[in-house]
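Q: Pasting a structure below so you can have a look.
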Amino acid sequence: KAGVTQTPRYLIKTRGQQVTLSCSPISGHRSVSWYQQTPGQGLQFLFEYFSETQRNKGNFPGRFSGRQFSNSRSEMNVSTLELGDSALYLCASSDRSGLLTNEKLFFGSGTQLSVL
Amino acid sequence: SQQGEEDPQALSIQEGENATMNCSYKTSINNLQWYRQNSGRGLVHLILIRSNEREKHSGRLRVTLDTSKKSSSLLITASRAADTASYFCATDLILPGANSKLTFGKGITLSVRP
């Protein structure tokens, strides 16, 4: 099976712009989670989608949004970019179906976003 | 604030030595997982230990979980230069409504000197 694919790998934007990142999960995985990784804060949970519905959400402002399509592919969008949004954005998929537990996550290589 | 806090933040050892990394957490969990990340890449799952388990092994990895102390440790035996990476503890938090969320610590940087 192909792994989790994130595009693009690198992105440079300027303040005020918006950006859309894409994630294709492992075939058969219906749960997709997004994380923001910065040197100072580590990995911060953004949100989780399952069957096109947002199941969990982290403590990020409304500028951060996401969605999931019927084929489980997911996108996240950041509007009105700020310098502090510069980070590695990681997508992970899993075959978790129920809400009760999180099992093993499979991560993509991430999208490195630089905001100038 | 982070749920899982790893300790130490950085560790430097000689090849062949053992590396021990610790993780503490604050609230009830379903399971605890350890991941590894090579510079600028995605995370790779290493091992998962459930709340009703005390110890698990996988190759050169040994993980323990003490739910009374809310802590876990990851031991890598006979380390190799290729083990150089960042290691993350992730806790599957029990949430209301039969829900859960996986949260990560800030990571431990392990350097293994040849």
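Q: Can you give me the number of residues within region B:76-91 that are more than 10 Å from every other protein chain (Cβ to nearest Cβ) and either of a type in the set (Ser, Thr, Tyr) or crowded, with 17+ Cβ neighbours inside 10 Å (or both)?
A: Looking only at region B:76-91, we keep the residues that are more than 10 Å from every other protein chain (Cβ to nearest Cβ), and these are B:76-85, B:87, B:89.
Pick out the ones that are also either of a type in the set (Ser, Thr, Tyr) or crowded, with 17+ Cβ neighbours inside 10 Å (or both) and you get B:76-77, B:79, B:83-85, B:87, B:89.
So the answer is 8.
Q: Could you look through region A:61-94, keep only residues that are in contact with a strand residue (DSSP E or B) (Cβ under 7 Å, 6 or more places away or on another chain) and part of a loop (DSSP other than H, G, I, E, B), and pick out the one that is nearest to A:Leu11 (Cα to Cα)? Spell out the reasoning first.
A: Within region A:61-94, the first condition is being in contact with a strand residue (DSSP E or B) (Cβ under 7 Å, 6 or more places away or on another chain), and the residues that meet it are A:63-68, A:72-78, A:81-83, A:85-94.
Still in the list and also part of a loop (DSSP other than H, G, I, E, B): A:63, A:72-73, A:81-82, A:86.
On the way: A:Arg63: 18, A:Ser72: 23, A:Arg73: 20, A:Leu81: 12, A:Glu82: 14, A:Ser86: 10 Å.
Ranking the qualifying residues of region A:61-94, first place goes to A:Ser86.
Q: A further question on this structure: Filter region A:1-43 down to residues that are surrounded by fewer than 18 Cβ atoms within 10 Å (Cβ to Cβ) and hydroxyl-bearing (Ser, Thr, Tyr) and give me whichever is farthest from B:Ser100 (Cα to Cα).
A: Top of the filtered list is A:Thr14.
Q: Find the residue count for region B:97-114, including only residues that are open to solvent by 40 Å² or more (accessible area, probe 1.4 Å), closer than 20 Å to A:Gln37 by Cα and among the polar types (S, T, N, Q).
A: We begin by selecting, within region B:97-114, every residue open to solvent by 40 Å² or more (accessible area, probe 1.4 Å); these are B:97-98, B:101, B:106, B:109, B:111, B:113-114.
The next check asks that each one be closer than 20 Å to A:Gln37 by Cα; those that pass are B:101, B:106, B:109.
Among the residues that remain, those that are also among the polar types (S, T, N, Q) are: B:109.
Adding up the residues that qualify gives 1.
Q: Right, here's the next one. Note down all Cβ pairs under 9 Å where the first residue falls in region B:96-108 and is facing chain A (nearest Cβ under 7 Å), the second is open to solvent by 20 Å² or more (accessible area, probe 1.4 Å) and among the acidic types (Asp, Glu), and they're at least six residues apart or on different chains.
A: B:Gly105/B:Glu5; B:Gly105/B:Glu6; B:Lys106/B:Glu5; B:Lys106/B:Glu6; B:Gly107/B:Glu6
Q: Answer yes or no as to whether A:Ser74 is surrounded by fewer than 21 Cβ atoms within 10 Å (Cβ to Cβ), more than 13 Å from chain B (Cβ to nearest Cβ), within 22 Å of A:Ser24 (Cα to Cα) and not hydrophobic (A, V, I, L, M, F, W, C). It would help to see each step written out before you state the result.
A: Working: surrounded by fewer than 21 Cβ atoms within 10 Å (Cβ to Cβ): no; more than 13 Å from chain B (Cβ to nearest Cβ): yes; within 22 Å of A:Ser24 (Cα to Cα): yes; not hydrophobic (A, V, I, L, M, F, W, C): yes.
Judged against the criteria, A:Ser74 is not a match.
Q: Note down all Cβ pairs under 6 Å where the first residue falls in region B:31-46 and is more than 19 Å from B:Arg60 (Cβ to Cβ), the second is among the basic types (Lys, Arg), and they're at least six residues apart or on different chains.
A: Cβ pairs passing all conditions: B:Asn31/B:Arg50.
Q: Still on this structure, I have one more. Can you name the residue in region B:58-113 that is in contact with a Phe, Trp or Tyr (Cβ under 7 Å, 6 or more places away or on another chain) and aliphatic (A, V, I, L, M) and, of all such residues, is nearest to A:Gln54 (Cα to Cα)? Break it down into steps so the answer makes sense when it comes.
A: As a first pass, look at region B:58-113 and keep what is in contact with a Phe, Trp or Tyr (Cβ under 7 Å, 6 or more places away or on another chain): B:63, B:70, B:74, B:87-91, B:101, B:103-105, B:107-108, B:110.
Then drop every residue that is not aliphatic (A, V, I, L, M), which leaves B:63, B:74, B:90, B:108, B:110.
Values: B:Val63: 32, B:Leu74: 33, B:Ala90: 21, B:Ile108: 30, B:Leu110: 35 Å.
Looking at the filtered set, the residue picked out is B:Ala90.
Q: Need pairs with beta-carbon distance below 9 Å; first residue under 18 Å from A:Gln44 (Cβ atoms) and within region A:75-100, second of a type outside the set (Phe, Trp, Tyr) and in a helix (DSSP H, G or I); sequence gap 6+ or separate chains.
A: A:Val78/A:Asp85
Q: Looking at region B:72-87, which of its residues are in a helix (DSSP H, G or I) and either under 10 Å from the mean Cα position of the chain (by Cα) or not charged (D, E, K, R) (or both)?
A: Of the residues in region B:72-87, the ones in a helix (DSSP H, G or I) are B:81-83.
Answer for region B:72-87, where residues must be in a helix (DSSP H, G or I) and either under 10 Å from the mean Cα position of the chain (by Cα) or not charged (D, E, K, R) (or both): B:Ala81, B:Ala82.
Q: Also, quick follow-up: Tell me, yes or no, whether region A:29-37 has at least one residue that is aliphatic (A, V, I, L, M) and away from chain B (no Cβ under 13 Å).
A: Going residue by residue through region A:29-37, those that are aliphatic (A, V, I, L, M) are A:32.
From what's left, away from chain B (no Cβ under 13 Å): none.
Taking every residue of region A:29-37 in turn, none turns out to be aliphatic (A, V, I, L, M) and away from chain B (no Cβ under 13 Å).
Q: Which of the residues belonging to region B:19-71 are more than 26 Å from B:Arg113 (Cβ to Cβ), outside any loop (DSSP other than H, G, I, E, B) and open to solvent by 60 Å² or more (accessible area, probe 1.4 Å)?
A: Within region B:19-71, B:Arg50, B:Glu55, B:Lys56 qualify.
Q: Quick check on B:Ile94: is it part of a strand (DSSP E or B) and open to solvent by 40 Å² or more (accessible area, probe 1.4 Å)? Full working, then the answer.
A: Details: part of a strand (DSSP E or B): yes; open to solvent by 40 Å² or more (accessible area, probe 1.4 Å): yes.
Judged against the criteria, B:Ile94 is a match.
Q: Given the structure, is A:Leu46 surrounded by 16 or more Cβ atoms within 10 Å (Cβ to Cβ) and more than 8 Å from chain B (Cβ to nearest Cβ)? Talk me through it step by step, then tell me what you get.
A: Numbers: surrounded by 16 or more Cβ atoms within 10 Å (Cβ to Cβ): yes; more than 8 Å from chain B (Cβ to nearest Cβ): yes.
Taking the combined requirement at face value, the residue satisfies it.
Q: Taking A:Asn59, is it surrounded by 16 or more Cβ atoms within 10 Å (Cβ to Cβ) and within 14 Å of another protein chain (Cβ to nearest Cβ)?
A: Details: surrounded by 16 or more Cβ atoms within 10 Å (Cβ to Cβ): no; within 14 Å of another protein chain (Cβ to nearest Cβ): yes.
Answer is no for this residue.
Q: Moving on to the next point. Kindly list the number of the only condition in (1) of a type in the set (Ser, Thr, Tyr); (2) modelled with pLDDT under 95; (3) open to solvent by 50 Å² or more (accessible area, probe 1.4 Å) that fails for A:Ser94.
A: The single condition A:Ser94 does not satisfy is (3).
The values are calculated or read from the model by the stated rules, or taken from the named source; none is laboratory data. No experiment lies behind these values; they were computed from the predicted model shown. All Cβ positions, glycine included, derive from the backbone under ideal geometry; neighbour counts span all protein chains shown. Ligands, DNA and RNA are stripped out before the accessible areas are found, and what is left, the full protein with its side chains, is counted by its heavy atoms. Shrake-Rupley method; radii C 1.70, N 1.55, O 1.52, S 1.80 Å.
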